[in-house]
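Shown next, in structure tokens, is the structure this report addresses.
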Amino acid sequence: MTKYQYTYFIHPYIIDESKYKMYILKLLKDRKCSYKTFEKEKDLDIYNFFLPAVRSYLFPTFELRGEKLRDFNDMKPEEQCKILEKDSVVHFNYNLAEDIQGKVGTENGIFFKIEGIEIICFNTGICFFTMKTHLENTNKFFDLLDFNYRFKGINSEFASLKAFENIKIQTDTFQDISDISELINQITGINTKLNNSQENLINSQFYTYSYVCVETSNWNEKTNFFNIENDFLKFANVLPSNYTSDFNKANLEHNLHIIEKFKYVKTTISKTSSNIMCSGIDTYNYTKLPYEYENQYFYTYILSLYKLILLMKLNDDFKSYDTIIKMKRKFIRFTKEIWDKDVTLDDTGSLYYKTLNKTLELDLLYEEIQNKYEVIYKDLNIEKNNNYYSIIVILLIFSLAFNTINIIFLMYYLS
């Protein structure tokens, strides 16, 4: 049984850098979008959690306050856009008319609310659509399992082909699954179509970021965690409640990392999800922890996903010799701005961030790009040297021919 839960579904998308300014302007002009600012007093936990360099990178608006903020709010969208396009990251809230209640399935379904939508855009054109959901009128753990499993695929092109997994939204606002997908398309814009190579960079399903606190009776000092371990592993891997295959411990160790720093809290990270499960035996687990997880740790997760997608994009772009110099500049800028920066001094936060990087294999990807660049750059230098030597040989031949003609001419003239 669950005491409290929520799930964020995250959809990354890429805006062409040449159209990034236009996209930000579009969001500024959208009446349903509001520019999100962070304030030290209101967001003190976030402010204290992140180290200055990363904090300035992820939340530039911490520096936008007082008269500066008032002046910014008085500006026209076009003037605001000129400022925001220079910021490393821009945040927007998408304002729904009211909490949107939906229902999974047609009978005895799972009711849920969409509690908030945030749009996070990095100035490289990599953006994230994030949607917070919360189940209503149920405290059954298997309802959460089924909801997370089904909902993560609603934006997939194959979702409508799987009738048994199809989500039906029964509200005045959203009639069916296509309305949710249409909302995503409206927010992400028409300029987000990728070429064939870039399609591999974006996961068609949502990344899943979920929190659940189970009742004390299900997990305490007298109750063996083994009794709920199978459900825990389903939750960690975003699998349905009726998943019956045996879990291979070796595969789990390879594909899933579990952080067990505290006795009654287990954080799991996979390639496409970050989920946390805790027990209500500790008051902190259902009061402070859910707040921290959807703020400090949530933005840490977004940062890691951003690094992953940017590195994948750079790796893909390195296939072209014509763009090598441009890619080198981007790679160096990325390295200086954020790659080698420590995120936080918080022990648990540092452990979470390191585990994220390990699970997503960011270090391996970074090293691969470094090695690829060195090889390509060496080839380019060899090619340049070969061209240089060819030019020298041609000049020498030309010079020799010219001198030979001069000698013949002089010999003929003197004779």
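The values are calculated or read from the model by the stated rules, or taken from the named source; none is laboratory data. Please read these numbers as outputs of a predicted model, since none were measured by experiment. Heads up, the Cβs are rebuilt from the backbone with ideal geometry, glycines too, and the neighbour counts pull from every protein chain shown. Note: areas computed on protein heavy atoms with side chains; ligands, DNA, RNA excluded. Shrake-Rupley method; radii C 1.70, N 1.55, O 1.52, S 1.80 Å.
The residues neighbouring Phe92, those whose beta-carbon lies less than 11 Å from its own, together hold a net charge of +1 under the Lys/Arg +1, Asp/Glu -1 convention.
Note on Met312 and Lys3: their simple-model spin labels are 3.6 nm apart, each label 7 Å out from Cα toward Cβ. The HN-Hα couplings worked out from phi for segment 16-27 by the Karplus form 6.51 cos²θ - 1.76 cosθ + 1.60 (θ = phi - 60°) are 4, 4, 5, 10, 4, 4, 5, 5, 4, 4, 4, 5 Hz, whole numbers, x standing for Gly and Pro.
For Ile259 and Lys326 in one chain, what is 0.36 nm times their gap in residues minus the Cα-Cα distance, to one decimal in nm? This chain segment gains 20.2 nm when fully extended.
If you sort Ser241, Ser273 by accessible surface, 1.4 Å probe, largest first, the order is Ser241, Ser273. Taking label points 7 Å from Cα along the Cα-to-Cβ direction, Phe226 and Glu361 give a separation of 3.4 nm.
Applied to segment 139-150, the Karplus parametrisation 6.51 cos²θ - 1.76 cosθ + 1.60 on θ = phi - 60° returns per-residue 3J(HN,Hα) values of 10, 7, 5, 5, 5, 5, 4, 5, 5, 4, 5, 6 Hz, with x for Gly and Pro.
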